[in-house]
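Read-outs: derived from the displayed coordinates by stated rules, not from any lab. Bear in mind the structure is a predicted one, so any value in this text is a computation, not a measurement. Methodologically, a virtual Cβ is constructed for each residue, glycine included, from the backbone with ideal geometry; neighbour enumeration extends over all protein chains shown.
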Amino acid sequence: MRNEYIPFLSEIKEVIRHTPIEYTFRMAYKGTVKPGQFFEVSIPKYGEAPISVSGIGDGYVDLTIRRVGKVTNEIFENYAGGSLFLRGPYGNGFDLSNYRGREIVIMAGGTGLSPVKGIVDYFADHPQEHSGMTLIAGFKTPNDILFLKEFAKWKRAMDVILTVDCAEGDTACQIGLVTEYIPELKVKDIRNAVAVVVGPPMMMRFSVQGLLERGFAEKNIWISQERKMCCGLGKCGHCKIGDRYVCLDGPVFNYTEGKNLID
Amino acid sequence: MGFQLNEQGFDALLSELSREYVIYAPKCFAGGNTFTDVDCIRYGTVKCVRDIVFDRKSDYSFKEAFLPVSETLFYFTEGETREADAPRKKGAVIFLRSCDLHAVKRLDEMYLNNGPEDFYYRRLRENTKFILMGCSQSFENCFCVDMDSSRSDNYSLSVDRKGDYYYVDCRDESLHALLKNNAAGELAVEPEYVRENKVHVHIPDNLSIQAAKSTIWDEYDSRCIACGRCNFVCPTCTCFTMQDLFYSENGKAGERRRVHASCMVDGFTDVAGGGSCRRKNGERMRFKVLHKVYDFKQRNGYHMCVGCGRCDDVCPEYISFSNCVNRLGDAMEEVEKHEK
């Protein structure tokens with residue numbers, strides 16, 4: 001019988017630095033992964049942390065990690081030439097078939113861009129598979145922007161609104177919260193358009209509210225949740241919300257289900 | 001098949017079983033309770049039947065004996081890991097009450113069916129036999145009848161003590177010969193069970209997640225001190241937290257453990273960066289109560305709570321879980337009125 005708790009060692013193939021506290025670690029991995037799924041990343045002695053997959057390629061997965069706690073601190077301090085323990089992938093991830101052929105709006109706040117990046121990448125590479133796509137990505141300041149290089153590529157394939165909450169001096173992006181751009185969204189058939197919203201809890205709440213006011217149907221909105229997790233296997237109980245386990249039933253929830261989750 | 005055993009016979013049975021099994025049963029730890037000079041009834045290993053406490057409810061459940069409070073999952077040595085050996089080499093025989101045997105079903109549900117099978121649980125579960133201790137009467141705070149857990153039939157053996165004799169029903173073929181050899185007589189035996197509790201609970205039929213919005217939870221903000229004892233004595237609580245432990249400061253060798261955790265205690269939902277859910281103790285009470293009598297059932301078709309009442313027995317603030325469950329009707333009335 002398989003022991004799911006034992007991690008495997010994965011080589012860090014490359015480190016892409018976005019900001020002083022946010023790097024993407026390209027980890028050796030062979031296997032099927034979906035955007036929105038996550039791995040439990042661990043460093044012996046410091047513990048484990050669930051990290052979303054931000055990119056999927058041949059023989060690797062990208063994990064974009066924000067230096068914010070005990071485990072991630074240690075990863076940033078001692079990653080050079082190294083490897084990390086991983087287990088996963090866990091969670092349901094995004095099902096791209098829900099979005100194919102439709103008008104798509106992706107709203108991401110901060111590191112919330114990581115879990116949805118796989119969707120953006122996919123449709124940027126397969127523009128014939130959607131009928132109109134907009135990405136609204138918001139960050140705190142211009143210094144916090146992630147995946148800056150990818151934005152140039154995405155801009156060629158879809159409408160991109162890159163916005164920051166505040167900025168000093170000249171900036172290449174717009175200033176304002178992601179929600180401010182919802183009224184201007186160019187959507188031809190709003191009842192059938194789909195939206196994916198991922199970011200801090202407040203950002204998700206007000207973005208979904210804005211989309212509903214614009215006429216998006218609840219069933220056409222998906223969110224992704226983030227909670228404390230110790231196992232990723234539906235056992236430890238930390239991520240339970242109501243009768244749902246974020247690690248098993250999520251982290252991606254259709255809004256019709258997600259709206260009923262009370263922590 | 002039923003048997004009558006005297007004390008020597010039962011001790012001989014335990015002695016035979018102990019060749020292949022560690023035998024756990026509720027025992028009396030003199031002066032071991034949280035109050036001065038009060039005994040504690042909790043699980044430990046037993047060699048003879050006299051050590052087993054039949055006339056009181058155990059303060060802590062069988063869970064402590066069945067699943068280690070702290071369990072090493074694997075060892076680290078630089079880039080390598082090694083799976084930890086099972087905490088016990090032998091199998092386990094566990095004496096427990098009907099409510100607790102129903103709790104085993106809940107533990108199985110969580111560890112074996114909720115997501116992939118848990119390797120460590122399966123390893124301990126496989127070679128475990130349960131001996132049902134009949135209840136001739138209800139104990140304080142029990143509400144097993146209303147939770148439908150007062151009777152069980154999925155035991156290996158049942159045992160009831162009456163006078164100088166022990167009456168055993170055997171449902172495990174593999175133990176049949178052992179009983180026959182040590183019995184004073186054979187007769188039909190039905191384990192005793194509770195027909196009526198003093199405490200009753202009523203879970204409203206219209207209970208929904210909307211009950212979370214009621215104000216009934218507010219009083220627990222200050223009454224509850226978030227000590228988590230209700231979780232630790234509960235036979236159905238399964239939550240755990242991972243801990244890494246290292247043997248020396250060079251950080252080259254250590255282990256990862258899981259330890260029992262409590263959704264009532266600070267830190268249960270803390271994420272890196274300072275975020276957390278349910279900061280108020282009333283919200284934690286709501287989360288726990290609705291898990292035990294609402295959302296576990298939504299997911300699995302039956303209630304998690306088995307009505308053992310240990311949470312009420314142990315609470316240092318005299319908070320009653322059963323009383324709280326009985327207020328859910330008011331809670332629903334309140335939120336429904338508010339919605340109209």
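Ignoring lysines fewer than eight residues from B:K47 along the same chain, the ones with Cα atoms less than 23 angstrom from its Cα are B:K27, B:K57, B:K63, B:K89, B:K90, B:K129, B:K162, B:K180.
Using only alpha carbons, build the gyration tensor for the protein assembly as shown and give me the equivalent ellipsoid semi-axes, biggest first, whole Å. Values for the protein assembly as shown, descending: 51, 28, 20 Å. The loop-placed chymotrypsin sites (Phe, Trp or Tyr not before Pro) in the stretch B:1-96, going by DSSP, that have at most 15 neighbouring Cβ atoms within 10 Å of their Cβ come out as B:F35. Take every pair of alpha-carbon atoms less than 8 Å apart whose residues are at least six positions apart; their mean separation over the length of the stretch A:8-90 yields a relative contact order of 36 percent. By the count of neighbouring beta-carbon atoms within 10 Å, fewest first, A:T64, B:T36 end up ordered B:T36, A:T64. Each residue in B:D270, A:D62, B:D169 was given a count of other beta-carbon atoms within 10 angstrom of its own, and listing them fewest first yields B:D270, B:D169, A:D62. Between the beta carbons of A:M202 and A:K149, assuming R0 = 25 Å, the FRET efficiency works out to 0.30 to the nearest 0.05. Normalised by the number of residues in chain A, the average gap of Cα pairs under 8 Å and 6 or more apart makes the relative contact order 17 percent.
Computing FRET efficiency as 1/(1 + (r/R0)^6) for A:E11 and A:Q174, where r is the C-beta to C-beta distance and R0 is 35 Å, gives about 0.35. What whole number of Å gives the distance from the Cα centroid of the stretch A:150-214 to the Cα centroid of the stretch A:223-263? Cα centroid to Cα centroid, the span is 25 Å. Using C-alpha pairs under 8 Å with a sequence gap of at least 6, the mean separation divided by the residue count of the stretch B:41-199 gives a relative contact order of 20 percent. Only the Cβ atoms of Lys and Arg (+1) and of Asp and Glu (-1) were treated as charged; on that basis the dipole of the stretch A:8-90 about its Cα centre amounts to roughly 80 debye. Using a simple spin-label model with pseudo-atoms 7 Å out from Cα toward Cβ, B:Y318 and B:N6 lie 4.8 nm apart. Relative to the current alpha-carbon distance between B:N250 and B:S18, full extension at 0.36 nm per residue lengthens the span by 79.3 nm.
Remark: spin-label model distance B:C227-B:C40 equals 1.2 nm, labels positioned 7 Å along the Cα→Cβ axis. Each part gets one Cα centre, and for the stretch B:286-324 versus the stretch B:95-172 those centres are 18 Å apart. Taking the Cα centre of the protein assembly as shown as origin, sum charge times position over the Cβ atoms of Lys and Arg (+1) and Asp and Glu (-1), and report the length of that vector in debye to the nearest 20. Here the protein assembly as shown has a charge dipole of around 620 debye. Pairs from the list A:K219/B:K288; A:K117/A:K140; B:K292/B:K337; A:K240/B:K297 with a Cα-Cα gap above 21 Å: A:K219/B:K288; B:K292/B:K337. Here each label is just a point 7 Å from Cα along the line to Cβ, and for B:E80 and B:Y302 those points are 4.5 nm apart. Sorted ascending by nearby beta carbons within 10 Å, beginning with the fewest, A:I56, A:I43 become A:I56, A:I43.
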